[in-house]
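Student: The structure's right below; bear with me while I get my questions together.
The values are calculated or read from the model by the stated rules, or taken from the named source; none is laboratory data. Bear in mind the structure is a predicted one, so any value in this text is a computation, not a measurement. So basically every Cβ, Gly included, is an ideal-geometry build from the backbone, and we count neighbours across all protein chains shown. Ligands, DNA and RNA are excluded from the accessible area calculation, which covers all protein heavy atoms including side chains. Shrake-Rupley method; radii C 1.70, N 1.55, O 1.52, S 1.80 Å.
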Amino acid sequence: MPHQRRLLGLWMLACGALLFGGAFLALWLDARLTPDTMARTWLWLAALAPGTFGVALGWWLSHYLLTPLRHLRVQLSRLVANPQAQEAYLPEGWLRDMDGDLQRLRDGWRRDREALATAHADGARNAARIRQELETLVQSLQVPLILCDGHRRILLFNHAAEQLFKETATPLGLGRQLQTVFSAPSLHDAWRVLSSTREQHEVLVPLGNRWLRVTLRRVESRHGEVLMTLQDATASWLREVKGYSDLHGVLGILRTHCANLQTGLAALEQATADREIRHRLEKATRRDAETIGKEVSRLGEVMEHLTAQSERLGPIWSNDFWHSLATRLGDRPALVPIGLPAWFQGDVPALLPMMQVLCENLANFADTSILEAEACLGNRRVYLDLIWRGQPLSQGTLATWCETSLEELPLAPRIGDLLRQHDSDLWSLADADGLHARLRLPLQAIPRVGSPSPPPPPRPEFHDFDIANLPDPTQTLAHRALHQLELVVFDTETTGLELANGDTVVSLGACRVVNGRLLADDCYDQCVDPQRPIPAQSTRFHGLTDDDVRGAPTLRQVLPRFRDYVGDAVLLAHNAAFDMQAIHPLGSSVRFDNPVLDTLLLSRALDTTLDDHDLDALLERYALTIPPGARHTALGDARVTAALWLGMLPRLEARGIATLGDALKFQKRSGISA
C-alpha cells in the first residue's frame, strides 16, 4: 500500500477513534453528572475537541505540507526525466518561499543541459557528416552487407541485407548476436579461422531453403570488426544450371551426329563400287547434316534465350528511357515524348545505342529534326514508336538497318542480333491521319501500373557503432548497466481480462531498445486469431473485431516467432504479470525465461507516496508526448512503455539503481511481484 493511503487511513482511524471516544465519554458524563444546558454544551465541546483538533490538524498538515511535498516530488520527477518539461505545480503552502530557488535551479539545470548539448553537437558535427555520407553509400549498395564487432554483435547492415533476411524467422537487428541470425557452424568456424589470419575467408552457409555465399573480411580497428558480404548462391546456381542444361543437351546431340557424319564420310570414301551402299551412306550423311543444321539453329536459340533471360534484362519506365535517349541524341534529332508512359522489359545499355542509331537514320530518311516518341500498350507487349511526318519505311530499308553493327557495344552486335535478344522485330506503318508514319519496336510488357514509387525512406536505424563499446556479452547479465541493456518492450491485446477462464491474445506488439535508444523500425506487430469471438466491450477498448483477426495465425503459431524475435533480450512491459501470463497459455511449450522488468512496479517503487501508476498517468507525470492514436494498440503501447522506460532511467540511476540486478531487486519494493 502506498504511504499516502496508509497515512490517510491511520489519520482517519485516529480521528474516528477520538470522535467516537469523545462522544461516548460525553454521553457517559452527561448521564452521571446531569449538568445544566450551559455545562452540557461545554462538556460536549471538551469531549469532541481532541477529535476535532485531529481532523483540523490533519487537513492543515495535508494542505500546507503533505500536498505541496507530493506536488514537489511530481515536479522533480518530471524534471529528472525531462528537463524541458513545463511546471506541473508551483510551490505552495509552507514551500511557497522555495519558488525562486527552484526556478533558479531549474533554469541553471536547463542552461547546463543546453550548453552540454551545444558542445556535443559542435564536437559531433564532423562525425555526423561522415556518418551521413556512410549511410548514403552503404544504403545505395545492392550487395548485402553486415558489419559485426569482435563479439559478433551486429553494428551495421544495409537495405539489401535487410531484404535478404526479411522472411526469415529472425530478421536483422542492431545489437543482435550473429548466431541468432546464422546457426550454421561453418560460418562460426570461418570466423575463428579469420581471427588467426588477415586474409578474407569465404564459406557457403544455409539460410532457410537457400544457400548464401558469405565473404568475411577483417576490418582494421580497435574493436576487431568483421565485414560480411553475402550473395544468394542458390538463385545464381539455378539461373546458370538451366542454361547449361539446355546447352549440354544440344551439344550431346551435335557430338553424336558429328561422329555419325565422320563415320559416314569415311565409309563413303571406301564404298565406291556398290551403288546401293553408297546411296544409303549418302542418305544417312544427308540426314545427319540436316540434324546438325537444326541443332545449330537450336543452339543459337538457346544462346539467345540465355541472353534474353540474363540479369541485364530489367524493368524500364518509358519516361526514364525517353529521357536518357533524348540526352544521348541532343538535338540531332530532338526527341519529344508523347502519350501515356508504361513499363517494359529490356537491356537498357543495348537498347539506348540501338535506338540512337535508328533515330539518326530516321532523321536522315525523313529529313526532319524532330521525332516524337510514344509507348503504346498492346497484347502482352509495349510498342516503342518513333513518329515522324512522312511515309512509312520499306521492309528492305529496315532489313538494311538491321545489319548495322553497334561498334560501341562489346562484340559489336548488329541491330538484328539485339532484336532477337529481345524476341522482337521492327516494322513501319502509317498513322490513320495519313500524314504521319511510325517505326514500331515491340518489347515485353510488365504486369505493373503506375509511375515508379519514390524510394522508401532510409531505415531510421541500420548502424550503431557504439554497440562495440558495450561489455562482453558473456558478462553476467545481472551486472549489465541499465543503459547498456538490450530490451524487448512488448504488450498484448486480449479478448478480455480473465486469462485463466479462456480469454486469449488478439494482438501482440513489441519494439526493441538497444544501447539506450528506441529503434523505430525494429518492431514486431502481429494480429492473432483467438479462435473465439471478440466481445464488443473488448473491441471498444482496442478496436479489433473478428474480421480484423480472421485468417491471422493462431497464438501457437505466433509464439515461436515472437520467441525468436526476443532472443536473449530482457523483457519489459507495463503490468508485466498480465502480459507474461498472456504469452504463457496452458499447453504451450514456448517458454520466455528472460529477465522481466515492469514499469508499473518500478514506478510504485520510485514514488511510494504517489497514486495513479497507470500508463496514462505516468505519461502525464513524466511529461511524455505521444502521437495521436498511439495508445490502445499492442505495438503503440509497447512504444509508449519504451519511452516511459527511457524517462525513468535518469531517476533510477539517481537512486543508485545502476544494473539489471539492482532494478530487479528494486521493483520488488512495490510489494507486488511480477
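Student: Going through segment 647-659 one residue at a time, which ones are part of a helix (DSSP H, G or I) and either within 16 Å of ARG480 (Cα to Cα) or of a type outside the set (A, V, I, L, M, F, W, C) (or both)? Walk me through it before giving the result.
Tutor: Of the residues in segment 647-659, the ones part of a helix (DSSP H, G or I) are 647-654.
GLY647, LEU649, PRO650, ARG651, LEU652, GLU653 - these are the residues of segment 647-659 that are part of a helix (DSSP H, G or I) and either within 16 Å of ARG480 (Cα to Cα) or of a type outside the set (A, V, I, L, M, F, W, C) (or both).
Student: May I ask you to list the residues in segment 31-56 that are open to solvent by less than 60 Å² (accessible area, probe 1.4 Å), part of a helix (DSSP H, G or I) and without any contact (Cβ under 8 Å) to a residue 24 or more places away in the chain?
Tutor: Answer for segment 31-56, where residues must be open to solvent by less than 60 Å² (accessible area, probe 1.4 Å), part of a helix (DSSP H, G or I) and without any contact (Cβ under 8 Å) to a residue 24 or more places away in the chain: ALA39, LEU43, ALA56.
Student: Give the residues of segment 327-348 that are open to solvent by less than 50 Å² (accessible area, probe 1.4 Å), closer than 23 Å to ASP425 by Cβ and assigned to a strand (DSSP E or B), sorted by residue number.
Tutor: Scanning segment 327-348 gives LEU335, TRP343, PHE344, GLY346.
Student: Could you list, in sequence order, the residues of segment 577-601 that are of a type in the set (A, V, I, L, M), in a loop (DSSP other than H, G, I, E, B) and over 18 Å from GLY502 (Cβ atoms)? Even if it seems obvious, please write down each step before you answer.
Tutor: Let us first name the residues in segment 577-601 that are of a type in the set (A, V, I, L, M), namely 577, 580, 582-583, 586, 590, 596-597, 600-601.
Still in the list and also in a loop (DSSP other than H, G, I, E, B): 583, 586, 590.
The answer is VAL590, and nothing else.
Student: Please note which helices (runs of 4 or more DSSP H) are completely contained in segment 132-199 and include at least 2 residues that are of a type outside the set (Ser, Thr, Tyr), closer than 26 Å to CYS511 by Cα and modelled with pLDDT of 80 or more. Explain how you work it out, then say what you get.
Tutor: Values: elements: 159-164, 178-181, 185-195.
Here the list reads 159-164, 178-181.
Student: For segment 375-396, what are the residues that are in contact with a strand residue (DSSP E or B) (Cβ under 9 Å, 6 or more places away or on another chain), open to solvent by 40 Å² or more (accessible area, probe 1.4 Å) and at pLDDT 90 or above? Steps first, answer last, please.
Tutor: Initially, segment 375-396 is screened for residues in contact with a strand residue (DSSP E or B) (Cβ under 9 Å, 6 or more places away or on another chain), giving 375-395.
Filter once more, keeping what is open to solvent by 40 Å² or more (accessible area, probe 1.4 Å): 377, 379-381, 383, 389, 391-392, 394-395.
Scanning segment 375-396 gives TYR383, ARG389, GLN391, PRO392, SER394, GLN395.
Student: Restricting to segment 552-611, give me the number of residues that are of a type in the set (Lys, Arg) and in contact (Cβ under 8 Å) with a residue 60 or more places away in the chain.
Tutor: So the first thing to find is which residues in segment 552-611 are of a type in the set (Lys, Arg), and the list is 556, 561, 563, 591, 604.
Next, only the ones that are in contact (Cβ under 8 Å) with a residue 60 or more places away in the chain stay: 561, 604.
So the count comes out to 2.
Student: Another question, if that's okay. So, in segment 406-451, exactly how many residues are out of contact with any strand residue (DSSP E or B) (no Cβ under 6 Å at 6 or more places or on another chain) and of a type in the set (D, E, K, R)?
Tutor: Count: 8.
Student: Is it the case that segment 357-368 has a residue that's assigned to a loop (DSSP other than H, G, I, E, B), closer than 17 Å to PRO333 by Cα and among the acidic types (Asp, Glu)? Give the steps one after another, and end with the answer.
Tutor: Of the residues in segment 357-368, the ones assigned to a loop (DSSP other than H, G, I, E, B) are 367-368.
Checking which are closer than 17 Å to PRO333 by Cα leaves us with 367-368.
Among the residues that remain, those that are also among the acidic types (Asp, Glu) are: 367.
Yes, the conditions are met somewhere in segment 357-368.
Student: Scan segment 550-577 for residues that are crowded, with 17+ Cβ neighbours inside 10 Å and over 22 Å from the mean Cα position of the chain (by Cα) and jot them down.
Tutor: Within segment 550-577, LEU555, HIS574, ASN575, ALA576 qualify.
Student: When you go through (1) in a loop (DSSP other than H, G, I, E, B); (2) open to solvent by less than 20 Å² (accessible area, probe 1.4 Å) one by one for LEU644, which number turns out not to apply?
Tutor: (1)
Student: A follow-up question, please. Kindly establish whether LEU61 is farther than 30 Å from ALA605 by Cβ and in a helix (DSSP H, G or I).
Tutor: Working: farther than 30 Å from ALA605 by Cβ: no; in a helix (DSSP H, G or I): yes.
Answer is no for this residue.
Student: Now a separate question. For segment 586-605, give me each residue that is at pLDDT below 90 and either open to solvent by 30 Å² or more (accessible area, probe 1.4 Å) or acidic (Asp, Glu) (or both).
Tutor: Hits for segment 586-605 are LEU586, GLY587, SER589, ASP593, ARG604.
Student: Does LEU411 satisfy the criteria of being closer than 20 Å to TRP322 by Cα and within 48 Å of the chain's Cα centre (by Cα)?
Tutor: Numbers: closer than 20 Å to TRP322 by Cα: no; within 48 Å of the chain's Cα centre (by Cα): yes.
Here the answer is no, as LEU411 does not meet what is asked.
Student: Something else now. Identify the residue in segment 354-372 that is over 24 Å from GLU403 (Cβ atoms) and more than 46 Å from the chain's Cα centre (by Cα) and, among all such residues, is most open to solvent (accessible area, probe 1.4 Å). Don't jump to the end; show me each part of the working.
Tutor: Going residue by residue through segment 354-372, those that are over 24 Å from GLU403 (Cβ atoms) are 369-370, 372.
Then drop every residue that is not more than 46 Å from the chain's Cα centre (by Cα), which leaves 369-370.
Details: SER369: 74, ILE370: 96 Å².
Going through the qualifying residues, I end up with ILE370.
Student: Determine which single condition LEU508 fails, assuming it passes every other condition in (1) modelled with pLDDT under 90; (2) surrounded by 23 or more Cβ atoms within 10 Å (Cβ to Cβ).
Tutor: Of everything listed in (1) modelled with pLDDT under 90; (2) surrounded by 23 or more Cβ atoms within 10 Å (Cβ to Cβ), LEU508 misses just condition (1).
Student: Here's something else I'd like to know. How many residues does segment 326-351 contain that are more than 37 Å from the chain's Cα centre (by Cα) and of a type in the set (A, V, I, L, M)? Walk me through how you get there before you give the answer.
Tutor: Start the filter on segment 326-351 by keeping residues that are more than 37 Å from the chain's Cα centre (by Cα), which leaves 326-339.
Filter again for of a type in the set (A, V, I, L, M), leaving 326, 329, 334-336, 338.
Of the residues in that region, 6 qualify.
Student: If you don't mind, another one. Using beta carbons and a limit of 7 Å, which pairs, at least six apart or on different chains, have the first residue in segment 438-453 and open to solvent by 90 Å² or more (accessible area, probe 1.4 Å) and assigned to a strand (DSSP E or B) and the second one among the charged types (D, E, K, R) and modelled with pLDDT of 60 or more?
Tutor: So the pair list comes out as GLN444/ARG381.
Student: For segment 82-95, check the following and say yes or no: at least one residue is open to solvent by 60 Å² or more (accessible area, probe 1.4 Å), assigned to a helix (DSSP H, G or I) and either modelled with pLDDT of 75 or more or not aliphatic (A, V, I, L, M) (or both).
Tutor: Within segment 82-95, one or more residues are open to solvent by 60 Å² or more (accessible area, probe 1.4 Å), assigned to a helix (DSSP H, G or I) and either modelled with pLDDT of 75 or more or not aliphatic (A, V, I, L, M) (or both).
Student: Further question on the same structure: Which of (1) open to solvent by 10 Å² or more (accessible area, probe 1.4 Å); (2) at pLDDT 85 or above; (3) within 28 Å of the chain's Cα centre (by Cα) does GLY656 not meet, given it meets every other one?
Tutor: Result: GLY656 fails condition (3) only.
Student: Go through ASP568, ASP564 for me and flag whichever is modelled with pLDDT under 90, in a helix (DSSP H, G or I), over 13 Å from THR492 (Cβ atoms) and not basic (Lys, Arg). Let's see the steps before the verdict.
Tutor: Numbers: ASP568 fails: in a helix (DSSP H, G or I).
Going through ASP568, ASP564 in turn, just one is modelled with pLDDT under 90, in a helix (DSSP H, G or I), over 13 Å from THR492 (Cβ atoms) and not basic (Lys, Arg): ASP564.
Student: Please go through segment 509-530 and pick out each residue that is assigned to a strand (DSSP E or B) and on the phi > 0 side of the Ramachandran plot. I'd like the intermediate steps shown before the answer.
Tutor: Our first condition is that a residue be assigned to a strand (DSSP E or B); within segment 509-530, this holds for 509-514, 517-527, 529.
Residues satisfying the conditions do not exist here.
Student: Just a yes or no: is a residue in segment 318-326 surrounded by 15 or more Cβ atoms within 10 Å (Cβ to Cβ) and within 18 Å of ARG414 (Cα to Cα)?
Tutor: No, segment 318-326 contains no residue that is surrounded by 15 or more Cβ atoms within 10 Å (Cβ to Cβ) and within 18 Å of ARG414 (Cα to Cα).
Student: Just to be sure, is LEU351 touching a residue at least 40 places away in the same chain (Cβ under 8 Å), under 22 Å from LEU406 (Cα atoms), among the aliphatic types (A, V, I, L, M) and in a loop (DSSP other than H, G, I, E, B)? Show your work before the answer.
Tutor: Details: touching a residue at least 40 places away in the same chain (Cβ under 8 Å): yes; under 22 Å from LEU406 (Cα atoms): yes; among the aliphatic types (A, V, I, L, M): yes; in a loop (DSSP other than H, G, I, E, B): no.
For LEU351, the condition - touching a residue at least 40 places away in the same chain (Cβ under 8 Å), under 22 Å from LEU406 (Cα atoms), among the aliphatic types (A, V, I, L, M) and in a loop (DSSP other than H, G, I, E, B) - is not met.
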